[in-house]
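Since the structure comes first, as structure tokens, the remarks are kept for the end.
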Amino acid sequence: MKKKKKRNQKELDKISCGSAETFPTQLNVEDYFKCPVWFADAPRFVDDLNTASDPYIEVAKKNLKKDISKRNKKFGDRGDMGHVFHSNSLIGDPSFLQLQNYIGATAHNLLIEMGFDLTNYSVFTTEMWVQEFAKKGGGHHTLHTHWNGHISGFYFLKASEKTSRPIFEDPRAGNMMNLLPQKDSKKITYASHQINYEVKPGRMIFFPSYMPHMYTVDMGYEPFRFIHWNCQAIPKGVLNYERTSNR
């Protein structure tokens, strides 16, 4: 077998970026396929929504009490460590109606802002629930997306720099398959594949439902509670069919 001739640096430069000086020094750049995340602070609703959420969280804790006791009896007492207390639906509860209406209207506006034509669609808040992480710590969410939805979001009721926080991950599978090491992971650049948000009571975050997201493991230093929701744009033709078929 004939031995390949080793290229010197000058030859390598001709086929690599080293030859870039012969081309234009300034390139135009345009950003496409952006993934938006919107946030705002509205702390004035926190107290009322915490009070309204308390009974839901109590029911969620009651529902898991037997499982937690069974685990602790079998493996050793760790209290509620590792659990996430998930309420049933908040939709239709008058105490959350103002938030529900705001979420639906805002999701509609955000989809239009993104460039979608909603002429033949109506946007509904299809799911809304409250969650609280375990007092003993260990609560978390693994990476996931929300199916059959278009805009999702959070409203934080109990949170601080000592609690869990949401992390969003690049939804482009092709990019994730070919990632190179980041030069500086503390900076947000084209090389970033994750971003996290600081949380506090009253902070509200909206994002496209296709964005993978997760929650870091909560250490149990302080209470962590938030409302989560999903919104869906439903064709008006489907809604009209439902109305006429139910007559």
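The values are calculated or read from the model by the stated rules, or taken from the named source; none is laboratory data. Computed from a predicted model, the values in this text were never measured in an experiment. Every residue, glycine among them, receives a Cβ derived from its backbone with ideal geometry; neighbour counts consider all protein chains shown. With ligands, DNA and RNA removed, areas are computed over all heavy atoms of the protein, side chains included. Shrake-Rupley method; radii C 1.70, N 1.55, O 1.52, S 1.80 Å.
Details
- Between the alpha-carbon centres of the stretch 54-132 and the stretch 146-224 there is a gap of 17 Å.
- Whether the chain is rounded, prolate or oblate, judged on the alpha carbon gyration tensor where a/c under 1.5 counts as rounded: oblate
- Options ILE151, PRO181, THR126, ranked by Cα towards positive dipole end of the stretch 112-217, top entry (Cβ charges): PRO181
- Beyond 20 Å in Cα-Cα separation lie the following of the pairs LYS61/LYS162; LYS74/LYS136; LYS162/LYS200; LYS65/LYS136: LYS61/LYS162.
- Taking every C-alpha pair closer than 8 Å and separated by at least 6 residues, the mean separation divided by the residue count of the stretch 13-144 gives a relative contact order of 29 percent.
- Long-range amide H partners of THR126 with built H, under 5 Å: ASN230, CYS231, GLN232
- Using a Förster distance of 41 Å, the FRET efficiency for ASN178-VAL238 (Cβ separation, nearest 0.05): 0.55
- Backbone geometry of the stretch 32-41 corresponds, through the Karplus equation with coefficients 6.51, -1.76 and 1.60 at θ = phi - 60°, to 3J(HN,Hα) couplings of 10, 6, 6, 10, x, 9, 10, 8, 7, 10 Hz, x marking Gly and Pro.
- Max mean-square fluctuation residue, GNM over the chain, Cα-Cα springs under 10 Å, options THR51, THR126, THR145: THR51
- Positive contributions from Lys and Arg (+1) and negative ones from Asp and Glu (-1), summed over other residues with Cβ under 11 Å from the Cβ of ASP80, come out at +3.
- Whether the stretch 80-160 is rounded, prolate or oblate, judged on the alpha carbon gyration tensor where a/c under 1.5 counts as rounded: prolate
- Helix-only CD estimate at 222 nm, as mean residue ellipticity for the chain, using -39500 (n - 2.57) per DSSP H run (n ≥ 4): -9000 deg cm²/dmol
- Sequence of ARG203, ARG165, ARG7 when ordered by accessible area, the most exposed leading, probe 1.4 angstrom: ARG7, ARG165, ARG203
- Dipole size of the chain about its Cα centre, with +1 on Lys/Arg Cβ and -1 on Asp/Glu Cβ: approximately 1540 debye, rounded to the nearest 20.
- Tensor-based shape of the stretch 91-235 (alpha-carbon gyration tensor, a/c under 1.5 rounded, otherwise prolate or oblate): oblate
- Using a Gaussian network model of the chain in which every pair of alpha carbons under 10 angstrom is joined by a spring, one finds that among ASN230, ASN175, ASN63 the greatest mean-square fluctuation is at ASN175.
- For the stretch 95-104, the Karplus equation 6.51 cos²θ - 1.76 cosθ + 1.60, evaluated at θ = phi - 60°, returns couplings of 5, 10, 5, 4, 5, 4, 5, 5, 4, x Hz by residue, with Gly and Pro reported as x.
- Once exposed loop GluC sites (Glu not before Pro) are cut out (DSSP; at most 14 other Cβ, 10 Å), longest piece of the chain: 31-160
- Largest GNM mean-square fluctuation across GLY92, GLY79, GLY220, computed for the chain with C-alpha springs under 10 Å, falls on GLY92.
- Rounded percent of accessible protein surface that carbon and sulfur make up, the chain, 1.4 Å probe: 55
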